[in-house]
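Visitor: Here it is, the structure, as structure tokens.
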Amino acid sequence: MTAIFMLLLTALPYFFFVYIKKKLKWSFINPLLFAIAVDMAVLLSFKIDSKTYASGAKYVTLLLTPATIALAFPLYEELKTIKKDIVPILMSIVFGVFSSVLTVFAIYKIFVLEKVHFATLLPKSITTAIGIDVSRSMGGIVSITVFTIIFTGIFGAMVSDAVFKIMKIKSDVAKGVALGSASHAIGTAKANNMNELTGAASSMSLVISGILSVIILPFFI
């Protein structure tokens, strides 16, 4: 019974805020961010420990990998269009991965962090399904890695419209690549809501960024 309650606590607030956002058309509402806030408030108010919460939330976690794989479908549908710009797309994805690494390295040096913190922050722009294993393999603190991944995704998705407007980015492919490489699955979810081409480009960026990160990140430790 407890597991079912925790599962509902995880899922219902998210779907509620998705409904509210669509109904009221308030762009500032981020369903994931608001759902996390509700969950935290409930857990703290009723003093529910992480193990109890995980008894139900683990079923959602199990869906992370198949959900990530499912992102290949919009990519397949727009593959012909994507192929036309494959070289600049790949170059942009590689640049995005190394930009993320350099950003974390700068934080590591400026704030004189320990190596374990560097390893913890490195996977911040990879989707959670991949980032957890990457962090663990490098000796990072997985729980903090998950937090940084979620924060990065939410922040990137929230500011993306403003960035696109300021930088005068109008290309659907460019928007998708930016969202996928910087904000992983959360950014890709937003990209899919924009249009199919943006979603496809974001899905491709997310997958390639993840694969590339798995290969190169351990060399920085």
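Read-outs throughout are calculated quantities, based only on the coordinates presented, and are distinct from any laboratory measurement. These numbers were taken from a predicted model, which means no experiment stands behind them. Cβ sites come from the backbone with ideal geometry, for glycine too, and all protein chains shown count toward neighbours.
Visitor: In the range 1-95, with Lys and Arg counted as +1 and Asp and Glu as -1 at Cβ, which of these residues, Thr81, Leu44, Ala54, has the Cα nearest the positive end of the dipole, that is, farthest along it?
Guide: Of the candidates, Thr81 comes out farthest on the positive side.
Visitor: Taking the highest mean first, how do the peptides 81-89, 134-142, 45-53 order by number of other beta carbon atoms within 10 angstrom per residue?
Guide: Final packing ranking: 134-142, 81-89, 45-53.
Visitor: Under unit Cβ charges (Lys, Arg +1; Asp, Glu -1), what dipole magnitude, rounded to 20 debye, does the chain have relative to its Cα centre?
Guide: Numbers: 19 positive and 10 negative charges, 76 e Å.
Dipole of the chain, to the nearest 20 debye: 360 debye.
Visitor: Give the cross-link partners of Lys175 among the lysines, using a straight C-alpha distance below 29 Å as the criterion and excluding same-chain residues fewer than 8 apart.
Guide: Lys21, Lys22, Lys23, Lys25, Lys80, Lys83, Lys84, Lys124, Lys165, Lys190
Visitor: Could the peptides 27-35, 158-166, 144-152, 195-203 be put in order, highest first, of the mean number of other beta-carbon atoms found within 10 Å of their residues?
Guide: Details: 27-35: 15.8, 158-166: 13.2, 144-152: 19.0, 195-203: 24.6.
Most protected by this proxy first, the peptides run 195-203, 144-152, 27-35, 158-166.
Visitor: Then there is this: Given charges of +1 on the Cβ of Lys and Arg and -1 on the Cβ of Asp and Glu, with all other atoms neutral, how large is the dipole of the range 76-142 about its Cα centre, in debye to the nearest 20?
Guide: Numbers: 7 positive and 5 negative charges, 26 e Å.
Once rounded to the nearest 20, the dipole reads 120 debye.
Visitor: Can I ask one more? Relative contact order for the range 89-221 using alpha-carbon pairs under 8 Å, separation at least 6, rounded to a whole percent? Before the final figure, lay out each step's value.
Guide: Values: 198 pairs, mean separation 35.2, N = 133.
RCO, the range 89-221: 26 percent.
Visitor: Which of the peptides 116-125, 182-191 is most tightly packed, and how do the rest follow, going by the mean number of other Cβ atoms within 10 Å of each residue? It would help to have the intermediate numbers written out before the result.
Guide: Values: 116-125: 23.5, 182-191: 26.5.
Listed from highest to lowest mean packing, they are 182-191, 116-125.
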